[in-house]
Amino acid sequence: TEDARLSAVEAAWGPEDYARAEEDLAALRARQEREDSPEALASLPVLTLADLGEAKPRAPYHAETTANSDTLLVHEVPAGGIGYFAVHFPLPDLTVEELPYLAILARLLGRLATETHTALELDTASLLHLGGYSFQALIRSSDTDASFVEPRFVATASALVPESAFAAEFLTELVCTTSFADLPRIRTILIQWKQGLEDAFVNSANLAARARVAASWRASAACADRLSGGEFYRFLCNLLDNW
């Protein structure tokens, strides 16, 4: 093992080996901490605004009204025959306390049976007809007003254009007819989610800490913390402890 190899190397070293290692370390630290000369700094490449090309023009889009009087915003972007769909549900009346449940809803849709299909059947159908789909709980914020927040539930899917009708029907089935009766299955999903959050906190502790700091001064960050951060983790632990 690596520990055994290192132990063998350490056992073979004498005083002169340790002294040489300390000298090499000191030389490396001195080189890293030494200020660069003006000549060295001048040799670094520098970009100016003149090096940037013209911004690409915004892709054209237009609005259409569906048979249900809903507004459909169509972006005319070349996509190689693939349609990308996003349905936004603004939730301005959702309370802060309800935000974690919105995150859980987004997590469960597609992993549970509906009124007409099992979870396995849904998974098979999505693989056959869709490029992918997802549900997200998001927070709409403002660059100029730190207090503005608007929770949104977003359903997305991608599919070949001939499969567009299936994509719409598929998302509608999941949003409108998912059954939440399988409590053991839901609990298993939440336990796995909790474990995933714990791994993320360990592997990216700096990001978790930054998010917690932002949550203390920006409303959108505080809401995001209740959707996927430390505050949501505490909510999830309490939910599972009192299942």
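The values are calculated or read from the model by the stated rules, or taken from the named source; none is laboratory data. Keep in mind that this is a model prediction, so the values were computed, not measured. Cβ placement follows ideal geometry from the backbone for every residue including glycine, while neighbour counts extend to all protein chains displayed. In case anyone asks, the SASA skips ligands and DNA or RNA and just uses the protein heavy atoms, side chains included. Shrake-Rupley method; radii C 1.70, N 1.55, O 1.52, S 1.80 Å.
In table form, for the structure just shown:
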item: Within the chain, longest stretch clear of exposed GluC sites (Glu not before Pro) (DSSP loop, no more than 16 other Cβ within 10 Å); result: 116-243
item: On Cα atoms only, tilt of 205-214 relative to the major axis of the chain in degrees; result: 60
item: Segment 5-82 - charge dipole about Cα centre, Lys and Arg +1 at Cβ, Asp and Glu -1, debye rounded to 20; result: 260
item: DSSP-assigned coil residues among chymotrypsin sites (Phe, Trp or Tyr not before Pro) in segment 92-190, each with at most 15 further Cβ atoms within 10 Å; result: F148, F180
item: Of D225, D123, D143, the one that fluctuates the most in a GNM where the chain has Cα springs shorter than 10 Å; result: D143
item: Most mobile listed residue (L130, L190, L73) in the chain, GNM with C-alpha springs under 10 Å; result: L73
item: Rounded to 10°, Cα long-axis angle of helix 15-33 versus longest principal axis of the chain; result: 60
item: Alpha carbon centroid spacing (whole Å) that separates segment 102-176 from segment 35-56; result: 44
item: Qualifying chymotrypsin sites (Phe, Trp or Tyr not before Pro) for segment 1-78 [loop in DSSP, other Cβ within 10 Å: at most 15]; result: W13
item: Heavy-atom surface of the chain, accessible at 1.4 Å and reported per residue (Å²); result: 71
item: Qualifying trypsin sites (Lys or Arg not before Pro) in segment 26-82, DSSP loop, other Cβ atoms within 10 Å at most 15; result: R34, R58
item: Efficiency of FRET from Cβ geometry, L72 and F148, R₀ 25 Å, rounded to 0.05; result: 0.45
item: Tilt relative to the chain, helix 164-177 - C-alpha long axis, 0 to 90 degrees, to 10; result: 90
item: Sulfur and carbon atoms: percent of accessible area, segment 142-243 [1.4 Å]; result: 56
